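Some notes on the structure that comes next.
The values are calculated or read from the model by the stated rules, or taken from the named source; none is laboratory data. For clarity, every value in this text was computed on a predicted model and none was experimentally measured. Neighbour counts run over all protein chains shown; Cβ positions are idealised from the backbone, glycine included.
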Amino acid sequence: MTEQTLLTPPQITHQLANIKQAVTKNSVENLRVIRRTGAVISYNENKIVSALSKAFLAVEGPRQEASCYQELVAALSQQITATFLRRANENNLIHIEEIQDQVELSLMRAGEHKVARTYVIYREEHRKQREQQVVPATSLSITLPDSSKQAFDEAHFKTLLIEVCQDHPATDPDLLLTAITNNLYETIPLTEIYQLVINYARSLIYKEPNYEFVATKLLLNSLYSDALAFLGLGNHVSLNEITNLYPVYFRTYLNKGIKLGLLAPELLNFDLDKITNALTPEKDLNFSQLGLYTLHQTYLLAHEKFCFELPQAFFMRIAMGLALTEADKESAAINFYQMLSSFDFMPGEPLLHFAGKLNPQLMSGYTITVADNLESLINTIKDNALIAKQTSDLMNDWTLVRAQGTTIKSFPAKKAKGFLPYAKIAHATLQAVLDESSSVNNQMATLEIWHLEIEVFLETQQSLEKAVLLPMANWIPDLFMERVLADAEWTLFSPDEVPDLHEYYGKDFKKAYLAYENKAARNKIKYFKKISAQDLWQKMLAAQLCSHHHYFAFKDACNIRSTQTQLGTIHCTNSAGLTFTANETDLAACPIGAINLANHINQQTLDTKKLQRTISLAVRLLDNAIDIHAYEFPSLQNFCLKHRSIGLGIMGFQESLYKLNIPYATTLAAELADKTIETFSYFAIQASHLLAQERGSYDSFEGSTWSQGILPLTSLETLAESRSGYLEQNKESSIDWPLLAKQMMTGMRNANLLAIGSEKAAASLCNLCPALEPRVTNLTEQVDSFTDFAVFNQALVHTLKATNLWNNDVLNALKYHHGNLKEITQIPEQIKTLFATSFEIEQATIIEIASRSQKWLDQAVVFHVYLKEASLKKLDILYRLAWSKGIKAIGNLLTKN
């Protein structure tokens with residue numbers, strides 16, 4: 001992932017190639033343009049070329065050679081056309097204002113700010129001229145969602161727009177109304193009116209960030225209109241009126257969803273009077289524009305393009321779906337609903353999608369350890385495809401598969417192909433199964449770095465095309481890191497000749513590895529290779545530089561600090577930070593979710609009472625998901641019910657720092673992470689213990705570190721002993737732990753409990769930075785097939801307005817510098833420091849915050865690395881530091897270059 005930069009014509013052409021697949025379903029001939037008079041005409045790209053050329057000519061003046069900007073004009077015009085083809089609605093209609101908005105936006109993105117400014121002035125002058133000639137549109141009729149026709153009621157829309165602009169200074173309802181009336185045509189659908197005014201409000205966010213709240217309210221009104229019409233409950237409804245309609249709506253919604261085969265019939269077994277009385281429609285206003293847009297596009301139930309699930313129904317559906325196993329399911333559902341709808345906690349993507357539905361698939365982080373036989377190889381490909389129907393989030397551990405060119409005992413004349421062909425087939429199968437909106441980068445291949453094919457696989461990462469196809473995670477034992485530091489040799493083996501090496505870690509791994517090296521030196525092992533540990537390390541870093549999706553995970557830290565050491569070995573971790581003790585017969589996964597840390601900061605301090613209650617409810621909700629999940633794989637059912645693993649994390653650490661006025665790159669931030677995550681860990685362990693007293697411990701509890709009173713902090717000593725001085729992790733504590741350690745020895749409900757990963761689904765709904773991550777930029781754009789709009793850091797906007805620093809100059813500077821404050825002279829250093837973005841922060845600070853947090857978790861913290869200009873030297877320093885700080889996993893590399 002890279003920060004947005006100015007686009008050159010070749011880059012624009014490359015973007016056009018990337019979206020060709022989405023565009024082919026439409027053609028330019030089908031596009032039609034709605035003029036301001038309401039007339040509909042054919043789309044003509046030449047008019048865009050003409051408008052752009054005139055804008056350049058007005059700035060640059062007459063030239064002997066106009067070719068200097070003709071190439072850019074042509075590229076921008078094609079890009080604008082491609083955008084409309086990609087977004088084409090059912091009628092292939094585009095409003096003239098949308099075209100002009102895209103022209104303006106494309107010029108800004110291309111860095112042609114003077115030309116864009118000239119074009120804006122041109123539009124404004126013509127707008128003023130039109131105001132003198134505007135013809136009332138009250139005689140036009142509109143098409144309601146139920147297909148009936150109704151005269152356009154300008155007074156209704158004016159009242160609506162006044163309502164949505166209320167409480168948001170510097171927003172203008174009359175301006176929005178003009179956008180509607182200027183773009184009407186006979187029988188225009190009501191949904192289209194909403195869409196055009198929403199898009200217009202979004203376009204104004206660049207000029208006044210308060211339009212984000214206006215656009216959010218307009219989108220809510222649109223959702224209300226569509227949902228109520230689809231369910232036969234009316235068409236027009238305001239934010240105020242929806243409160244009275246919600247109880248009737250919710251019952252109708254449940255019945256319709258069940259009738260359509262989308263919702264579980266068991267939801268009707270609840271006392272719906274209690275349930276509907278608990279609904280709080282005003283919480284719809286808690287959403288940001290990005291959060292509500294994400295909810296609408298990704299999660300809300302729809303049928304034949306009609307979205308009929310409203311936000312509070314969405315939260316209650318999840319809450320009810322995860323309370324089905326409770327004795328008092330109404331009380332549990334209401335408690336869950338209040339937590340979810342307040343954004344205090346948000347579950348992971350599978351629960352957001354499937355809770356409360358038929359055949360609920362609620363697990364995340366699917367992990368498969370592939371055995372060294374053809375049956376396992378083929379089954380892995382098949383299982384990947386079946387899992388991909390619900391989620392693309394899965395990890396395949398290929399370490400046990402023998403290397404290419406080695407002997408197959410059952411067919412001595414044939415040589416093994418190695419794991420790579422099967423890994424590529426598995427990934428290609430996933431691509432075939434997934435829909436266009438899913439990311440195949442969530443499927444990863446893990447390989448322990450003594451594998452004889454590790455160099456071959458790293459070399460495939462040097463090709464960007466192949467790297468995108470097959471993201472990889474390195475599984476790194478401490479002995480390798482010691483040899484890197486000593487600039488010593490490292491030996492690669494084929495796993496069929498060292499079959500138990502993948503199962504060892506710590507001192508046992510070192511003993512076994514040295515023994516195998518000794519056998520190789522005596523020619524007792526056929527397939528091996530000696531290389532420089534430093535050279536292999538550099539190749540690993542180079543693979544990260546090329547692909548940016550190359551995880552580093554440290555085997556010994558994950559295993560030595562595991563709670564399930566009595567059962568075997570952890571073979572990999574994933575982007576969610578989950579670490580399962582599983583073997584080749586297991587399919588491992590678990591439900592995940594994240595606590596909104598910022599919502600638990602109250603009056604400049606951590607609200608521990610609220611945090612304790614939220615964690616208790618969240619652990620209960622995730623534990624319920626284990627029993628409610630519809631198991632399609634017996635091996636997954638056995639794993640989940642035996643170990644009852646969950647992954648409870650946090651989000652919004654950055655927003656907590658904003659609330660407390662603490663810059664990210666400070667010792668205070670690291671200390672806050674330390675104490676906060678310690679409290680988080682304490683309450684979570686306590687909650688799992690209390691749940692075990694109520695429901696019983698998980699089946700494999702006996703022999704676990706929980707049963708021995710070994711806390712996550714205690715396990716640091718074991719890791720330090722194993723590393724013999726190579727650990728520099730803070731070991732301080734601020735809570736009295738011995739009593740809880742004694743209590744948990746009597747029972748725990750969940751084998752795995754705490755993981756802070758980089759999962760973004762929950763954070764995006766709450767408009768938060770995921771996990772412990774710093775903010776990437778103070779101003780970004782949401783750009784996809786449907787829309788584009790600015791997303792400001794509202795905390796920054798609030799601070800600038802509160803200090804009387806918000807004005808057009810600062811706003812324009814923010815846009816010019818893409819949200820980076822460093823070059824904006826009007827902003828004081830104190831504010832710049834507080835709102836410094838990820839690429840401005842010393843990465844050692846991020847590592848320290850992750851390390852302080854990692855000491856309190858039984859699973860992993862996964863964090864990303866942000867570098868303006870990445871190099872092997874910089875990565876070498878940072879990744880060695882991360883290992884020495886006890887980090888278990890390092891995620892993606894994000895750069896500006």
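Key figures
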quantity	calculated
Number of the condition not met by H502 [criteria: (1) touching a Gly at 6+ places or on another chain (Cβ under 9 Å); (2) buried (at least 19 other Cβ atoms within 10 Å of the Cβ)]	(1)
Condition check for A333: part of a helix (DSSP H, G or I), out of contact with any His (no Cβ under 9 Å at 6 or more places or on another chain) and over 29 Å from Q782 (Cα atoms)	yes
Breaking point among (1) of a type in the set (D, E, K, R); (2) crowded, with 20+ Cβ neighbours inside 10 Å; (3) part of a loop (DSSP other than H, G, I, E, B), for R317	(3)
Test for L161: is it modelled with pLDDT of 90 or more and within 27 Å of the chain's Cα centre (by Cα)	no
Yes/no for V791 being modelled with pLDDT under 95, assigned to a helix (DSSP H, G or I) and surrounded by 17 or more Cβ atoms within 10 Å (Cβ to Cβ)	no
Number of positions in region 75-104 that are closer than 18 Å to L196 by Cα and touching a Ser or Thr at 6+ places or on another chain (Cβ under 8 Å)	6
T605 vs. criteria out of contact with any helix residue (DSSP H, G or I) (no Cβ under 8 Å at 6 or more places or on another chain), surrounded by fewer than 23 Cβ atoms within 10 Å (Cβ to Cβ) and not assigned by TED's automatic domain parsing to the domain that holds W398	yes
Evaluation of D172 against (1) closer than 21 Å to K815 by Cβ; (2) at pLDDT below 90; (3) more than 32 Å from the chain's Cα centre (by Cα) (one fails), failing number	(2)
One residue from A533, A557, A582, A576 being modelled with pLDDT of 95 or more and under 19 Å from L754 (Cα atoms)	A557
In region 843-864, the residues that are within 20 Å of the chain's Cα centre (by Cα) and under 14 Å from S681 (Cβ atoms)	Q859, A860, V861
Residue in region 735-747 that is basic (K, R), surrounded by fewer than 21 Cβ atoms within 10 Å (Cβ to Cβ) and out of contact with any helix residue (DSSP H, G or I) (no Cβ under 9 Å at 6 or more places or on another chain) present	yes
Those residues of region 229-251 which are of a type outside the set (A, V, I, L, M, F, W, C) and either touching a strand residue (DSSP E or B) at 6+ places or on another chain (Cβ under 9 Å) or part of a loop (DSSP other than H, G, I, E, B) (or both), in sequence order	G232, G234, N235, H236, S238, N240, E241
Filtered residue count, region 186-223, keeping only those that are in contact with a Cys (Cβ under 8 Å, 6 or more places away or on another chain) and surrounded by 23 or more Cβ atoms within 10 Å (Cβ to Cβ)	1
Qualifying positions in region 375-401 - of a type outside the set (S, T, N, Q) and touching a strand residue (DSSP E or B) at 6+ places or on another chain (Cβ under 8 Å)	D383, I387, A388, D393, L394, M395, D397, W398, L400
Matching entry among T491, T399, T446 (being in contact with a Leu (Cβ under 6 Å, 6 or more places away or on another chain) and at pLDDT 90 or above)	T399
Meets criteria (farther than 30 Å from T563 by Cα and in the same structural domain as S656 (by TED's automatic domain parsing)) for Y879	no
Condition check for K675: in a helix (DSSP H, G or I), closer than 30 Å to T380 by Cβ and basic (K, R)	no
Answer from L324, L310, L358, L352 - the residue that is closer than 30 Å to L144 by Cβ, of a type in the set (A, V, I, L, M) and in contact (Cβ under 8 Å) with a residue 60 or more places away in the chain	L310
In region 380-407, the residues that are touching a helix residue (DSSP H, G or I) at 6+ places or on another chain (Cβ under 7 Å) and more than 20 Å from E455 (Cβ to Cβ)	T380, I381, N384, A385, A388, K389, Q390, T391, S392, D393, L394
Residues located in region 177-196, provided they are in a helix (DSSP H, G or I) and either polar (S, T, N, Q) or touching a residue at least 40 places away in the same chain (Cβ under 8 Å) (or both)	T178, A179, T181, L190, T191, E192, I193, Q195, L196
Long-range neighbours under 6 Å by Cβ, at least six apart or interchain, first residue outside the structural domain of Q637 (by TED's automatic domain parsing) and in contact (Cβ under 8 Å) with a residue 12 or more places away in the chain within region 361-381, second among the hydroxyl-bearing types (S, T, Y) and not in a strand (DSSP E or B)	I368/T380; V370/S376; V370/T380; L377/Y422; I381/T429
Residue list for region 634-668, filter: in contact with a helix residue (DSSP H, G or I) (Cβ under 7 Å, 6 or more places away or on another chain), farther than 19 Å from T608 by Cβ and either of a type in the set (F, W, Y) or surrounded by 15 or more Cβ atoms within 10 Å (Cβ to Cβ) (or both)	C640, R644, I646, Y658, P663, Y664, A665
Subset of region 233-257 (residues that are buried (at least 18 other Cβ atoms within 10 Å of the Cβ) and small (G, A, S))	G257
Filter result (of a type in the set (D, E, K, R) and more than 21 Å from F287 (Cα to Cα)) within region 224-268	R251, K256, K259, E266
Residue list for region 269-318, filter: modelled with pLDDT of 95 or more and more than 28 Å from V791 (Cβ to Cβ)	N269, F270, D271, L272, D273, K274, I275, T276, N277, A278, L279
Number of the exception - L260 against (1) hydrophobic (A, V, I, L, M, F, W, C); (2) over 16 Å from Q312 (Cα atoms); (3) crowded, with 16+ Cβ neighbours inside 10 Å	(3)
Qualifying positions in region 350-374 - in contact with a strand residue (DSSP E or B) (Cβ under 8 Å, 6 or more places away or on another chain) and more than 14 Å from L322 (Cα to Cα)	S364, G365, Y366, T367, I368, T369, V370
Leading residue by the ranking (farthest from C769 (Cα to Cα)) among those in region 586-610 that are without any contact (Cβ under 8 Å) to a residue 60 or more places away in the chain and not hydrophobic (A, V, I, L, M, F, W, C)	K609
